[in-house]
Amino acid sequence: MRKIAKIIDLKSIKKDNNFTNIRLRKDDLERFPFFRFYPDLIVKNLEIIWEENEKYANITIGNIGNKDSDRFMVYFDLEENPVSSNHRPQERIWIERIAAGDEITLEHIDFQHLAHVDNHNLENVYQIIVRVDAKDMILESNENNNIEVQDVSIVDTLLGNLELPNGAWGITLSCDYQKAYLASGVDGLYIVDISNSVNPRILGHIETPGHAWKVSVSCNEKKAYVVDGERGLQVIDISDVDHLIQLGSYDHFYPYIPDGSNEVSLSCDSSKAYLTFSDHGLHIIDITDSTNLSVIGTFSTPEYAHGVSISPDGRKAYIADRESLQILDISDPSNPVRIGEYSDLFWVSDISLSPDGSIAYLSCESGLEIVDISHPNNPTRLSRISDVGPVTISCDGMKAYILNDGYLKIFNIHDPSNPIFLANITIPNYSNIMIPRYLKDIVVSPDGKAYIVCYDLYEDNNLNMGLSIIDVSSF
């Protein structure tokens with residue numbers, strides 16, 4: 001007896017027909033979208049609790065399709081850095097069925113038992129990836145919407161904070177790490193006693209005529225040099241914190257720059273200031289007479305000069321110039337000369353150097369670019385960290401600290417060509433602020449305290465603006 005194959009012309013089928021008895025392949029569904037009798041699983045809500053003594057998840061999974069699902073699995077992959085050699089932390093849960101249009105909630109999915117000898121208390125975990133129907137056991141209308149990713153972090157690290165009326169843009173510390181100098185935008189300069197991290201307190205304050213973006217302090221700690229936006233550089237006598245006095249200024253009434261891109265660095269002997277003025281490049285200023293500042297030399301950069309750092313020997317200046325790193329020979333400050341350039345960058349705004357001056361860490365829109373500058377005429381890229389935000393390097397050059405979307409991320413940079421993720425720390429009050437510009441600056445003391453300043457640009461957020469002190473000594 002002959003067997004006759006039944007051929008179905010899919011193109012002739014109408015939407016309102018009933019095709020529940022027709023079994024279709026996945027490529028049929030993609031070619032003929034009017035078939036809508038299949039489930040569609042999504043993660044509707046994911047809550048991760050990640051604390052020292054408890055680590056678990058609550059999750060709601062919904063079926064937004066119009067067919068009941070079959071049995072499937074949910075995977076919780078705990079991403080590590082560094083990756084454990086003998087064990088991968090992963091939790092798997094079977095779900096028997098979710099009816100069309102329905103949802104199911106799983107509570108207190110515990111992760112603590114996944115800790116092991118290579119990852120004590122899951123301290124290496126930085127991210128959790130949830131995959132619904134990870135093995136593609138059921139056919140769905142959309143196979144690309146059932147993955148959810150969430151960063152995890154340690155939260156009990158806040159030591160203390162200090163609220164200021166309008167927050168702060170820049171910070172530097174005294175040599176003994178007992179005082180912090182804060183550039184506070186329209187409020188000028190604050191000097192803060194940080195000898196007690198739990199209870200920082202204001203020692204002195206002075207208003208400046210412009211908008212205080214950044215601040216540097218002389219080597220004898222008797223003068224502060226405030227980058228004051230459109231009002232250039234202001235010199236403040238800080239020898240008596242109870243009576244701060246403005247001594248002089250280098251005024252260039254350039255247009256108001258709302259992103260606070262101006263920066264200042266001082267020579268080792270505090271006789272010269274290196275000041276960036278956006279599209280007006282670099283100005284080298286004689287500051288030996290605080291009441292009569294005078295320009296020594298200038299250099300016009302190709303784009304917009306933002307951050308500036310000086311080499312340990314004082315002979316080179318490194319300028320973050322929006323789309324490039326400009327390297328200048330400043331051995332003759334009256335005639336700075338470009339000797340190198342690294343241009344594979346996008347919107348670089350800040351720069352930090354390694355202690356020996358051989359590596360540049362550039363804060364860009366694309367992340368943290370790490371560049372070898374040991375040969376100034378031929379700088380070369382070593383690696384990139386994708387996190388975007390203000391950065392500082394530890395005193396020993398072994399760690400990088402990046403402010404990113406309300407978090408402080410820490411990386412081991414012992415090998416700058418291969419940065420290793422160490423920690424993702426929630427900054428209290430800022431973890432829900434998804435605008436990096438609120439967190440403006442960071443410095444880290446040798447004893448493992450991170451000093452972070454925040455500024456409310458629009459003055460419309462109920463945030464604790466000012467100084468936060470975070471314990472990072474355990475990383």
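Nothing in this text is a laboratory measurement; each read-out follows from the coordinates by a stated rule. Being a predicted model, the structure only gives us computed values, none of them experimental. Here Cβ is always computed from backbone atoms with ideal geometry, including for glycine, and neighbour counts include all displayed protein chains.
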**Asked** Projected onto the charge dipole of segment 158-471 (+1 at Lys/Arg Cβ, -1 at Asp/Glu Cβ, origin at the Cα centre), which of Ile413, Leu247, Asn377 gives the Cα projection farthest towards the positive end?
**Response** Ile413
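Could you compute the net charge surrounding Lys135? Neighbours are other residues with a C-beta less than 14 Å from the C-beta of Lys135; K and R count +1, D and E count -1. Each step should come with its number before you reach the end.
Details: positive: Arg71, Arg92, Arg131; negative: Asp70, Asp77, Asp133, Asp136, Glu140, Glu143.
Its environment carries a net charge of -3.
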**Request:** Could you please report the charge total around Ser69, scoring K, R as +1 and D, E as -1 over all other residues with beta-carbon less than 10 angstrom from its beta-carbon?
**Result:** -4
**Asked** Among Val117, Val152, which comes first, second and so on when ranked by fewest other beta-carbon atoms within 10 Å?
**Response** Val117, Val152
**Message:** Please compute the contact order of the chain in relative form: average sequence separation of alpha-carbon pairs under 8 Å and at least six residues apart, divided by the residue count, as a percent.
**Reply:** 10 percent
